[in-house]
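Okay, handing you the structure first.
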Amino acid sequence: MNFDITGQKAYVKDGPHRNQIGIIKRDSAENSAKYVIVIDGMDIDIELKDIVLIDVDVRQFHDWCEEQGYL
């Protein structure tokens, strides 16, 4: 599979950054599966359940989640 969540556009569902669009990237401070969303140059810690991906095939995302152990 060629899909990866890194580099995908997403917006935050709730909280102080609600409905703001950013780009998903891996947290560079850790060597794990943690992700951040970059909004206006600021890295914001997120959990996958707190974002909505934009223009992503649901099947590909579901398969990726299974491969990464999120489901």
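Any read-out appearing in this document is the output of simple, stated calculations on the displayed coordinates, not a laboratory observation. Please read all numbers here as calculations on a predicted model, not as lab measurements. Glycine also receives a Cβ, built like all others from the backbone with ideal geometry; neighbour counts cover every protein chain displayed.
Restricting to the chain, compute how many DSSP beta bridges are antiparallel as a %, nearest 5.
Antiparallel: roughly 95 percent of the beta bridges in the chain.
Cross-chain or 8 or more residues apart, Cα under 15 Å: how many lysine pairs in the chain fit that? Count them up, please.
The number of close lysine pairs in the chain is 5.
Further question: Can you sort Lys49, Lys13 from fewest to most other Cβ atoms within 10 Å of each residue's own Cβ? Mind dumping the intermediate values first?
On the way: Lys49 8, Lys13 13.
Placing the least packed residue first, the sequence is Lys49, Lys13.
Oh, and also: Kindly express, to the nearest 10 degrees and within the range 0 to 90, the angle between helix 58-68's C-alpha long axis and the longest C-alpha principal axis of the chain.
80
Listing Phe3, Phe61 from the residue with the fewest other Cβ atoms within 10 Å to the one with the most, what is the order?
Phe3, Phe61
Can you put Ile21, Ile39, Ile54 in order of Cβ neighbours within 10 angstrom, beginning with the fewest?
Listing Ile21, Ile39, Ile54 from fewest to most nearby Cβ atoms yields Ile54, Ile21, Ile39.
Hey, another quick one. Kirkwood hydrodynamic radius (Cα pairs, Å) of the chain?
Value: 12.5 Å, from the Cα pair sum.
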